[in-house]
Amino acid sequence: MTISEHVPESNVDVLIIGAGPAGLMAACWMAHCGVTTRIIDKRGTKIFSGQADGLQCRSLEIFDSFGFADRAWKEANHMIEICLWNPGPDGIIRRSDRIPDTIVGLSRFQQITLHQGRIERFFLDNIKKYSNDTIKVERGVLPESLEIDETEVEDQSSYPVTVKLRHLTDEEATPQQQISGSKISDGLFRSNLTHTDDEDDLIRKNKSRAGTGEIVHAKYVIGCDGARSWTRRALGFELLGEATDSIWGVLDIIPITDFPDIRMRCTIHSTENGTLMVIPREDKLVRLYIQLKEVTPDASGRADRSKISPDSIFNAAKKILSPYKIDYEYCAWWTAYQIGQRVATRFDSHERVFLAGDAVHTHSPKAGQGMNISMNDTYNLGWKIALVAKGIAKPSILSTYQSERRKIAQDLIDFDHRFSRFFSGRPAKDIMDAEGISMGEFKEAFEKGNLFASGLSVNYEPSNLVSKAVGESKEVLSDATSSANAFTKQSLAKGLPIGMRFNSFKVVNQSDARPWHFQEKLRSTGQFRIVVFAGNILSPPQKKRLEDFCEALGAPDSFFRTSATSSPPLDAPIEVLTIHSAERVETNLMDFPEILHPYNPHTGWDYDKIFVDDVSYHEDTGKAYENYGVDKERGCVVVARPDQYVGWVGDLEDFKDLQRYFEGCLMLSLRA
């Protein structure tokens, strides 16, 4: 492509490369925050079968914050119990244990399974709704080159990233299938068993046709284009790690079987034939992860794909399940992969081009983490780019993406390394069998892994967005963050650890007595939330403390009054929510300072910002202060970031330190 071809050129705030779950999550943020965005994908259609299928608790909480968790919850298969099957003394497999699939009480959601195509549809519908159909996936579009003008990266009004694009034909945008003419689609073109990438060949063919090129100048680029990421290669970054010798096949079938736990999540260790995992799905489908003992890597470290087919995978499954019988008439999808754990050297370039999902970390899919961790990457990144692009937040917050998510990626690799070893190893024959896997240790690892897999153990390190007390982290604090961190008071809200997601307990609306999970009020709008635990406002001294805090909050020079406003839908960067502990029937809305329930001359008072930790007629409420570890008399103040993670905790008197927190991350102006 050359300029002499008169190719069209355009500017865009954010260009997203890759329209899988990670890319769509990023696009969802941009839609909700009103950021000009384009999202491209080299494939001609979205996923219709196969690929990822497990949704963990945290992912469903995020879906709910965008407004579509109910769609997934209704359609999906719910994972309630795990059955562990192991060989007995006679070598025959038998059920050895049952454990809950999700740790009880962690979240208001549990793990579910639903194929990736439906999840992508939920995203696409949500993006269309909130962007007024201005953000659409442009399919059959392939990036050709990427350049960053380093002289412009500090200028927030510039478009320093230039990406050349190619528009493919339908034939070029359709991936090749392993078995020609088969009605069963396979995912091998996305598998790490694929040896080569087809971008260069597609571009070479494409250049022979006129009118297929385009140049885009972007403020930010997000590469969500998979394990063999074109964006990562264009930046010159590498994935560090290694592959194992373990080859696994995957089948999505409707099974015909006498195996009694086929509708349970199961792990099945056979004596000699390998391991099988059963994942029940929607519409009678079951996903089988099957260890392929008879397929081994060649001298180059890669397995021969020609030896892998639905029949070879299924034959391996039958051997593992013996003496139980299994057959099928319908297969929706299949693939195979080689277990490998790798993490990219860097997650961004000049804080203008970012990588997310499989583009920066790869691992085995059996723990149900691939799609979930990938979506959480861009859930962390999306609002930061959106707020910086709109001039609301300081560009310095963008550095927290790598510092927060690379640690999570490394934790994932470490977890997956241990998890995969337990899956792929041979069961120990007895206590003297040092090379075999102890099934007791396997169960213990599975139970501990459930917490990590839920996505609820994430704990971000100190930064200008996470104001942890000095000494609470091994990280060395910068001068920019240490002053705010020094005044954090975690003990005021022991159940809301700083750096972790804001847990959810039920509270009651002060005005209409309706109970709510409080997390439902932390919607993904791009807003920070100041959550005021107002304590017992029937106590005159406590009411005075609350009034003093609100007076400081409403002062003309406070961060609340001087934070940058922007165009809709995000014109109020900070929202204030209140939870008090007095009896609801002894209080009313007008007992609270106006700033906590602001008045609009056109719509009246805001009745949806003040809640009470009190009993409800029909639901189990009245335990929020206890569960959050907050004193019911004195209360405290908590800051929730736009992604629901706790950023700051302090007393009602700690307003100067709260001011300092927001000075560290938001663009403030001096307005009268």
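The values are calculated or read from the model by the stated rules, or taken from the named source; none is laboratory data. This is a predicted model, so every value here is computed, not measured. Reconstructed Cβ throughout: ideal geometry from the backbone, glycine too, with neighbour counts over all protein chains shown.
When segment 304-340 is limited to residues that are modelled with pLDDT of 90 or more and among the hydroxyl-bearing types (Ser, Thr, Tyr), the one that is nearest to HIS361 (Cα to Cα) turns out to be SER312. Only helices (runs of 4 or more DSSP H) whose full extent lies in segment 387-491 are considered here, and the ones with at least 3 residues that are at pLDDT below 90 and closer than 30 Å to TYR661 by Cα are 399-424, 479-485. When the criteria are applied in full, LYS205 fails the requirement of being surrounded by 14 or more Cβ atoms within 10 Å (Cβ to Cβ), modelled with pLDDT of 85 or more and not polar (S, T, N, Q).
Among the residues of segment 613-629, is any under 30 Å from ALA389 (Cα atoms), modelled with pLDDT of 95 or more and not aromatic (Phe, Trp, Tyr)?
No, because not a single residue in segment 613-629 is under 30 Å from ALA389 (Cα atoms), modelled with pLDDT of 95 or more and not aromatic (Phe, Trp, Tyr).
For segment 558-583, the set of residues classified as charged (D, E, K, R) and modelled with pLDDT under 95 consists of ARG561, ASP571, listed by residue number.
Looking only at segment 133-153, residues that are surrounded by 18 or more Cβ atoms within 10 Å (Cβ to Cβ) and at positive phi come to 1 in all. Of the residues that make up segment 397-406, is at least one more than 17 Å from GLY20 (Cβ to Cβ), acidic (Asp, Glu) and within 17 Å of the chain's Cα centre (by Cα)? There is at least one residue in segment 397-406 that is more than 17 Å from GLY20 (Cβ to Cβ), acidic (Asp, Glu) and within 17 Å of the chain's Cα centre (by Cα). The set of residues from segment 30-57 being assigned to a helix (DSSP H, G or I) and modelled with pLDDT of 95 or more comprises MET30, ALA31, HIS32, CYS33.
Within the span defined as segment 268-275, one or more residues are closer than 15 Å to ASN315 by Cα and out of contact with any helix residue (DSSP H, G or I) (no Cβ under 7 Å at 6 or more places or on another chain). Regarding ARG95, is this residue touching a Cys at 6+ places or on another chain (Cβ under 6 Å) and farther than 29 Å from GLN519 by Cα? So ARG95 fits the description; yes.
Strands (runs of 3 or more DSSP E) fully within segment 597-654 that include at least 1 residues being within 14 Å of ASP512 (Cα to Cα) and not assigned by TED's automatic domain parsing to the domain that holds ILE385: 610-612. Scanning segment 534-559 for residues being part of a helix (DSSP H, G or I) and touching a Gly at 6+ places or on another chain (Cβ under 7 Å) gives a total of 1. Scoring VAL646 on the criteria (1) surrounded by 24 or more Cβ atoms within 10 Å (Cβ to Cβ); (2) closer than 19 Å to SER463 by Cα; (3) out of contact with any Pro (no Cβ under 8 Å at 6 or more places or on another chain) leaves a single failure, condition (3). Checking each residue in segment 214-239 for being buried (at least 19 other Cβ atoms within 10 Å of the Cβ) and either within 19 Å of ALA386 (Cα to Cα) or not assigned by TED's automatic domain parsing to the domain that holds GLN51 (or both) picks out VAL216, ALA218, LYS219, TYR220, VAL221, ILE222, GLY223, CYS224. Considering only residues of segment 579-635 that are among the basic types (Lys, Arg) and surrounded by fewer than 18 Cβ atoms within 10 Å (Cβ to Cβ), which is nearest to the chain's Cα centre (by Cα)? Here the answer is LYS623. Scanning segment 40-74 for residues that are surrounded by fewer than 16 Cβ atoms within 10 Å (Cβ to Cβ), farther than 30 Å from ILE215 by Cα and touching a strand residue (DSSP E or B) at 6+ places or on another chain (Cβ under 9 Å) yields one hit, PHE48.
If we scan segment 584-601, do we find a residue that is among the β-branched types (Val, Ile, Thr), within 25 Å of VAL508 (Cα to Cα) and out of contact with any helix residue (DSSP H, G or I) (no Cβ under 9 Å at 6 or more places or on another chain)? Yes. Of all residues in segment 151-170, those satisfying the criterion of being among the hydroxyl-bearing types (Ser, Thr, Tyr) and farther than 11 Å from VAL12 by Cα are THR151, SER157, THR169.
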